[in-house]
Each structure stands twice: as structure tokens, then as C-alpha cells.
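Peer 1: First the structure, which I've put down as C-alpha cells, then a few questions once you've had a look.
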Amino acid sequence: MKDPGRIVIIGAGPTGLGAAYRLEEIGFERFLVVETKGFPGGLATSYRDSQGFTWDVGGHVQFSHYSYYDDVLDLVMRGRWLSHDRSAWVWTGGRFIPYPFQYNLRYLPEDQRQRALEGLQNVADEKKPKAKNFAEWIEATYGQGLAEIFLYPYNEKVWGYPLETLDSHWVGDRVPPPDPERIRQSLAASRDDNSWGPNRTFRFPQRGGTGAIWQAVAASIHPSRLLFDTPVDSIDIQNKRLMLRNGSALTFDHLITTMPLDLLCARTEGLESDTEELALQLVSSSCHIIGIGLKGPEPRALAGKCWIYFPDANSPYYRVTVFSHYSPDNVPPGGEHWSLMAEVCESPFRPVDQKQIESQVITAMQEDGLITSANEVVSVWHRRESHGYPTPFLGRDQVLGRLLPALEQLSVFSRGRFGAWKYEVSNQDHSFMQGVELVDRLFGRGEEVTLNNPDLVNSGHFRRRQE
Ligand SMILES: Cc1cc2nc3c(=O)[nH]c(=O)nc-3n(C[C@H](O)[C@H](O)[C@H](O)COP(=O)(O)OP(=O)(O)OC[C@H]3O[C@@H](n4cnc5c(N)ncnc54)[C@H](O)[C@@H]3O)c2cc1C
């Protein structure tokens, strides 16, 4: 085994905990996790509001691509799960359409259905040149009809940037490609088709929201190795030293950092100017989570639904989760309450009015038939995450391809959702495994497949086994 010396990990989110978990598993003790907040979980934390409603930072679902990850979660959660059938929908033009949209065209009005089918046919007939950006990729893959009816407006709402400025290489199998034969069959049979992709069922903690998972993972790590309430203010790269807000310093031989890469570079003294300039090119969007706690009967149309996508312009949100369906513990006891959780993107192209957004969400929910009356609202919870989505901007891979190795030369390994800035491998399972795989690499035990080969991981053909 190589000895990497003393390892410090910045951040006790899924990535930092993945690294810490693996270090303990292989019997390495010279490491420490430093975390700004007083608790673990990062963006996968859950919060309980003053009215007794529990909220995640947006609808968090376990989509696992790894048996190792499943095994760890089984071990730490000890069966404290609820299981759900995934039921995802799109709300557009005043109707619910099962997701994936393209396989359920029978729900569209006749003119839209024809436009969508024509576009799909054109895609099948024509050989288009390679897409130069995400907008072109959408049209080349789904055709103009589907692009205009759903995919352009929805993706503009999620990403908050013009789709011509985004790359398409990240997509992999995250978005199901259309299969014309399957579309024709479901139209002919007049039946719903919502059996896309992996994870047709998903599990959710019985109590405490998604954050309960990361509390449980953190509880499996020796407490002396987790330093909470300890923000890292700056990094002195020449002396391999972290300056902590509490005035003390920590030295390291290897630094695993999961804080946003742009902030890391801005707070690191002694970087080459090239590296600093690369970091300035990183693009991201912020995310507002607005939890609406309700008392009264839930509209019948929401029965059994997990989450709904919203492409239309009337609503500020791109997705709403019926969060009370995930666990009865997400709402106060007594059976009278239920809850909706909206996600709103903020970017320079989609500014959000901080003061108005809560009432805008409630108004749109009434328009969309999600709530009958504002009088039913008994709680409003609002959280803004400045780093919400790592944007797959054009040129991202070139920037990361220079930035991450430049930091590694300095024994700094930046991983995770905003540490490595790769949206396609930034879910909880990917993030946890980025931490695990990095440790394996540092100890000469394995490679970083998730970071370097997202398509392989997302294809489902790769499920890393526990040694
Ligand atoms: C709206 C939304 C919806 C999502 N939905 C899903 C989903 O359905 N399924 C899924 O699997 N994943 C989902 N995710 C992704 C999931 O939240 C991430 O995969 C995961 O949290 C990333 O883990 P991480 O450790 O890389 O980063 P983070 O969770 O961001 O953790 C980084 C940690 O570093 C700490 N930190 C930062 N700076 C410092 C500093 N200077 N000093 C000390 N500590 C610091 C932070 O406080 C934080 O705890 C979603 C994310 C969002 C935003």
C-alpha cells in the first residue's frame, strides 16, 4: 500500500463522506474531515421547519449505479427505508402527461402530436451533422416538434442559460433517446409508457428525509475524524496548509476537496495565474427550494404522483415534488397535512425576485391546479443554494481537463458535484463513489472510473463490486 501521508477532506457531503468511509474501511487513520456546517449531508441534507414539515434541498431520489453504494446504504440504514414506484409526469397546456414525454404523445392535442411525430420522422430520415451545442442536439435527437413543445422550454427553465451555450456530451443515458417503433406502438395501443431507464422503483428513508442517509453514513465514521462548524477560509498551497475560520491551521500531504471548484481556486493562495483564469470560466446556476406545507384534502389529480416537470412559462418552477408521498414523516402527524416542494433555477439569464418568489410559487401552484386555495398553506420554507447546478457549458471539458490536473500537481484533488463540476456524475451515488474511487486511486487500489468515464458508469454496465 502506498502511504499518502496525512489526508484532509474539505466537506462532509456525500463525496467527502465517501472518501472518509473508504479510508476507514481500508484501515487508514491519518485523515480528518472539516465541514463548515454543524451537520453532514451537504446538498443532500434535510431540514425540518418550525411547523413540523421536513424538506430536502429539492427532490432527492436514490438512483444507484453501484452495488458498493447500495451495500453501504444497506449497512448504515439497517432497513429503515420506504419503497416507491416512480411516477413522474409533465404538466403542460393544462394536462398531465406521463414521463417520458416522447412515449406518451397520445395525451397531446392532435396538432401538437402531428408536429412531434413529423419531427421524429425527419430525425429518422435525415442524417444531421454532429450537434455543436445542446440546442442542436435536442433537435437532432427528438426533432423540431418535441423540441419546441417540451424540450426547449423545459431545459431553458432548468439550466437558466441559452441552450446554444451548453454542451451535449454530458447527456449519456440520463435522457432516454426516442425509439420511433416504441412511440408508434404506444400510440397504436393507446397505453401509457413510463418504464424508462434504471430505478423504476426507488427507496426513501422512513424518517428524517434524504439527510437521514448521510447522518447514518457520518455516524459510521469515527467522531474524532469529523470536525463540524469548521469553515476553511483559505488554502496556502505552498505550505500545504488550510487556514480555518477559528484562527487555527491544518497541514496536509493530500487534500481532498469537495467545496465548489471556483471558490476553492478563489481562496487558494499561490496558484498559477493560468489556473486562476481557468476557474473563472466555470459556469453554474443557483437553486431555490420552496417547500409549501398544506392542510386539507390533496387534489385527486396528484394521487400517486412523485414529481412533475413544468415546461410552461406561467410557473417559476421547473419541477415540483409531492414530498408528502415520500414519507408520512415529511409532514406533521395526524393525517391532515401534505406537502409540495418546488425547485426554481436562478442565473444571470433567469433572475429571481427573492422577496416575491414564494408568493409567485403559490400563485402558479393554484393556476396549475396543485393547490385549491392559498388558505390551505400552513407553512412556507425557502432555501437558496448559490451553487445548485454545475452547468455543462461549452468548453467545460477542456477547462476541467486542465484545471483538475493542475491542482493534482499540488496534491489537491477536487471531487464531487461542484468539486469536479460534471453534472452527469453529480448525483449522490456518483458523488459518494467519486470519494471512494479517489481513495482507491491514492492507495494504488483502483481507478477513478466515475470521474473519467461517466458514460460507462451511467450505462448501467458498470457496477463496482466491494473488494
Ligand atoms: C435541486 C437538487 C436536486 C437533487 N436531486 C438529486 C436526486 O434526486 N438524486 C441524487 O442522487 N442527487 C440529487 N442531487 C445531488 C446531490 O445533492 C449531490 O449529489 C450531493 O449533495 C453532492 O455531494 P458533494 O459532497 O459533492 O457536495 P455537497 O453536497 O455540496 O457537499 C459539499 C460540502 O462541503 C462543505 N463546504 C463547502 N465549502 C467549505 C469550506 N470552505 N470549508 C468547509 N466545508 C465546506 C459544504 O458545507 C458541504 O457540506 C440534487 C441536488 C440538487 C441541488
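The values are calculated or read from the model by the stated rules, or taken from the named source; none is laboratory data. Predicted model only: the values in this text are computed from it and were never measured. Cβ atoms come from the backbone with ideal geometry, glycine included; neighbour counts cover every protein chain shown.
Peer 1: Exactly one of these conditions fails for V344: (1) within 12 Å of the ligand (Cβ to nearest atom); (2) among the β-branched types (V, I, T); (3) closer than 30 Å to I7 by Cα. Give me its number.
Peer 2: (3)
Peer 1: Here is a follow-up. Is at least one residue of segment 346-360 over 23 Å from the mean Cα position of the chain (by Cα) and closer than 20 Å to H60 by Cβ?
Peer 2: no
Peer 1: Further question: Can you pull out the residues in segment 316-352 that are surrounded by fewer than 22 Cβ atoms within 10 Å (Cβ to Cβ), polar (S, T, N, Q) and under 30 Å from V283 (Cβ atoms)?
Peer 2: Result: S347, single match.
Peer 1: Could I ask something else about it? Just give me the residues in segment 233-248 being under 21 Å from A19 (Cβ atoms) and assigned to a strand (DSSP E or B), in sequence order.
Peer 2: Our first condition is that a residue be under 21 Å from A19 (Cβ atoms); within segment 233-248, this holds for 235, 237, 240-242, 244.
Result: I235, R241, L242, L244.
Peer 1: Here's something else I'd like to know. Looking at A279, A218 in this structure, which one is touching a Pro at 6+ places or on another chain (Cβ under 7 Å) and either small (G, A, S) or surrounded by 13 or more Cβ atoms within 10 Å (Cβ to Cβ) (or both)? Talk me through it step by step, then tell me what you get.
Peer 2: On the way: A279 fails: touching a Pro at 6+ places or on another chain (Cβ under 7 Å).
Answer to the check: A218.
Peer 1: For residues in segment 256-303 being charged (D, E, K, R) and away from the ligand (no atom under 12 Å from the Cβ), which is nearest to K37 (Cα to Cα)? Spell out how you get there, then give the answer.
Peer 2: So in segment 256-303, the residues charged (D, E, K, R) come out as 262, 267, 269, 272, 274, 276-277, 295, 298, 300.
Retained after the next criterion (residues that are away from the ligand (no atom under 12 Å from the Cβ)): 269, 272, 274, 276-277, 295, 298, 300.
Numbers: E269: 23, E272: 30, D274: 31, E276: 26, E277: 29, K295: 32, E298: 35, R300: 40 Å.
Applying the filter and picking the extreme gives E269.
Peer 1: Here's a follow-up. For segment 218-248, which positions are in contact (Cβ under 8 Å) with a residue 12 or more places away in the chain, within 11 Å of the ligand (Cβ to nearest atom) and not basic (K, R)?
Peer 2: Pass one, segment 218-248, residues in contact (Cβ under 8 Å) with a residue 12 or more places away in the chain: 218-222, 225-240, 242, 244-246.
Cutting the leftovers down to within 11 Å of the ligand (Cβ to nearest atom) gives us 218, 227-235, 242, 244-245.
Answer for segment 218-248, where residues must be in contact (Cβ under 8 Å) with a residue 12 or more places away in the chain, within 11 Å of the ligand (Cβ to nearest atom) and not basic (K, R): A218, L227, F228, D229, T230, P231, V232, D233, S234, I235, L242, L244.
Peer 1: Separate question: State all residues of segment 266-290 that are within 19 Å of D397 (Cα to Cα) and free of Cβ contacts under 8 Å to residues at least 24 places away in the same chain; if no residue qualifies, say none. Give the derivation first.
Peer 2: Applying the first criterion (within 19 Å of D397 (Cα to Cα)) to segment 266-290 yields 274-285.
E276, E277, L280, listed by residue number.
Peer 1: If you scan segment 41-64, which residues turn out to be near the ligand (Cβ under 7 Å from one of its atoms) and in contact with a Gly (Cβ under 6 Å, 6 or more places away or on another chain)?
Peer 2: Filtering segment 41-64 down to residues near the ligand (Cβ under 7 Å from one of its atoms) leaves 41-44, 57-63.
Scanning segment 41-64 gives G41, G42.
Peer 1: Which of the residues that make up segment 405-431 are aliphatic (A, V, I, L, M), more than 14 Å from the ligand (Cβ to nearest atom) and in a helix (DSSP H, G or I)? Give the steps one after another, and end with the answer.
Peer 2: Taking segment 405-431 and keeping what is aliphatic (A, V, I, L, M), we get 406-407, 410, 412, 420, 425.
Of the ones still in play, those that are also more than 14 Å from the ligand (Cβ to nearest atom) are 406-407, 410.
The answer is A406, L407.
Peer 1: Take the residues of segment 318-328 that are in contact with a Cys (Cβ under 9 Å, 6 or more places away or on another chain) and assigned to a loop (DSSP other than H, G, I, E, B): which is nearest to E343 (Cα to Cα)? Lay out the reasoning, then the answer.
Peer 2: Start the filter on segment 318-328 by keeping residues that are in contact with a Cys (Cβ under 9 Å, 6 or more places away or on another chain), which leaves 318, 321-322, 325-326.
Checking the rest, the ones that are also assigned to a loop (DSSP other than H, G, I, E, B) come to 318, 322, 326.
Numbers: Y318: 6, V322: 12, Y326: 16 Å.
Checked segment 318-328; the qualifying residue nearest to E343 (Cα to Cα) is Y318.
Peer 1: Can I ask one more? Only one of these is closer than 29 Å to I235 by Cβ, buried (at least 17 other Cβ atoms within 10 Å of the Cβ) and not assigned by TED's automatic domain parsing to the domain that holds F252: V57, V61. Name it.
Peer 2: V57
Peer 1: Please go through segment 64-78 and give me each residue that is buried (at least 16 other Cβ atoms within 10 Å of the Cβ) and part of a loop (DSSP other than H, G, I, E, B), ordered by number.
Peer 2: Pass one, segment 64-78, residues buried (at least 16 other Cβ atoms within 10 Å of the Cβ): 64-66, 68-70, 72-73, 76-77.
If the condition is that a residue be buried (at least 16 other Cβ atoms within 10 Å of the Cβ) and part of a loop (DSSP other than H, G, I, E, B), then S64, H65, Y66 are the ones that fit.
Peer 1: Going through segment 12-37 one residue at a time, which ones are near the ligand (Cβ under 6 Å from one of its atoms) and under 17 Å from the mean Cα position of the chain (by Cα)?
Peer 2: The answer is A12, G13, P14, T15, G16.
Peer 1: Which condition number in (1) on the phi < 0 side of the Ramachandran plot; (2) touching a Lys or Arg at 6+ places or on another chain (Cβ under 9 Å); (3) modelled with pLDDT of 95 or more is the one that R402 fails?
Peer 2: (2)
Peer 1: Continuing with this model, one more query. Whether any residue in segment 74-90 is modelled with pLDDT of 95 or more, more than 13 Å from the ligand (Cβ to nearest atom) and under 22 Å from Y318 (Cα atoms) is what I want to check.
Peer 2: Within segment 74-90, one or more residues are modelled with pLDDT of 95 or more, more than 13 Å from the ligand (Cβ to nearest atom) and under 22 Å from Y318 (Cα atoms).
Peer 1: So which residues in segment 145-169 are farther than 25 Å from P351 by Cα and crowded, with 18+ Cβ neighbours inside 10 Å? Let's see the steps before the verdict.
Peer 2: In the first step, residues of segment 145-169 are kept if they are farther than 25 Å from P351 by Cα; the result is 145-146, 169.
Once the filter is applied, which keeps residues that are farther than 25 Å from P351 by Cα and crowded, with 18+ Cβ neighbours inside 10 Å, segment 145-169 yields G145, L146.
Peer 1: Let me ask something additional. Determine which single condition S315 fails, assuming it passes every other condition in (1) polar (S, T, N, Q); (2) under 30 Å from T201 (Cβ atoms); (3) not in a loop (DSSP other than H, G, I, E, B).
Peer 2: Every listed condition holds for S315 apart from (3).
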